[in-house]
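Please read the structure below before turning to the comments.
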Amino acid sequence: MGRRSMLVVTEASGEMFHATAQENRQSILRHGLDWRRMGTAPGIAGSREPELPAVFLCESLEEVGFFTQMSRLPTDIWAVRVDGRWVESGPDGWIILPEPVPPERLRLVNSRSLSRTDRGRSGCLSEIYHGGVAEEAGALRPA
């Protein structure tokens with residue numbers, strides 16, 4: 001991981017996005033995003049340990065699509081409500097949140113394990129989870 005040439009700290013607002021292995025879904029639903037709970041699934045970039053004591057974030061679905069296409073595992077995309085949180089410039093220009101994210105600040109945007117040609121520009125599909133209920137093409141069903 002590269003070094004930051006300077007540190008920029010900004011108060012965030014709205015939603016940002018995080019990509020992780022689908023294998024982590026149940027832990028994230030229960031505990032939120034927390035690098036200290038990194039399990040057996042490698043990180044999106046292939047690391048077996050947290051690269052930093054922080055959560056890596058992207059500003060858009062298009063940006064997080066870079067990570068879903070890099071991953072060799074089925075990948076979930078999580079929308080993270082960052083209102084009132086301070087985010088930092090991370091190495092290599094990425095954005096990091098130096099604190100765990102509780103589950104109530106998360107919304108699962110599901111990315112299935114399809115070939116890249118079956119995915120949209122962002123590398124994800126349009127199935128969205130809201131409070132334990134999945135919505136797909138306008139139909140609600142239990143998650």
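The values are calculated or read from the model by the stated rules, or taken from the named source; none is laboratory data. In this text, all values refer to a predicted model and were calculated from it rather than measured experimentally. Methodologically, a virtual Cβ is constructed for each residue, glycine included, from the backbone with ideal geometry; neighbour enumeration extends over all protein chains shown.
Quick look at the numbers
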item	result
Residues of the stretch 77-114 satisfying the condition of being surrounded by 13 or more Cβ atoms within 10 Å (Cβ to Cβ), more than 12 Å from the chain's Cα centre (by Cα) and at pLDDT below 95	S89, G90, P91, W94, R112
Sole exception among (1) within 16 Å of I28 (Cα to Cα); (2) among the acidic types (D, E); (3) assigned to a strand (DSSP E or B) for E104, by number	(3)
Filter pass, R72 being in a loop (DSSP other than H, G, I, E, B), of a type in the set (D, E, K, R), modelled with pLDDT under 90 and surrounded by 13 or more Cβ atoms within 10 Å (Cβ to Cβ)	no
P42 being over 21 Å from R105 (Cβ atoms) and not hydroxyl-bearing (S, T, Y)	yes
Any hit, the stretch 12-31, residues being on the phi > 0 side of the Ramachandran plot and either more than 13 Å from the chain's Cα centre (by Cα) or in a helix (DSSP H, G or I) (or both)	yes
Identity of the residue in the stretch 10-59, farther than 16 Å from W78 by Cβ and surrounded by fewer than 10 Cβ atoms within 10 Å (Cβ to Cβ), that ends up modelled with the highest pLDDT	R36
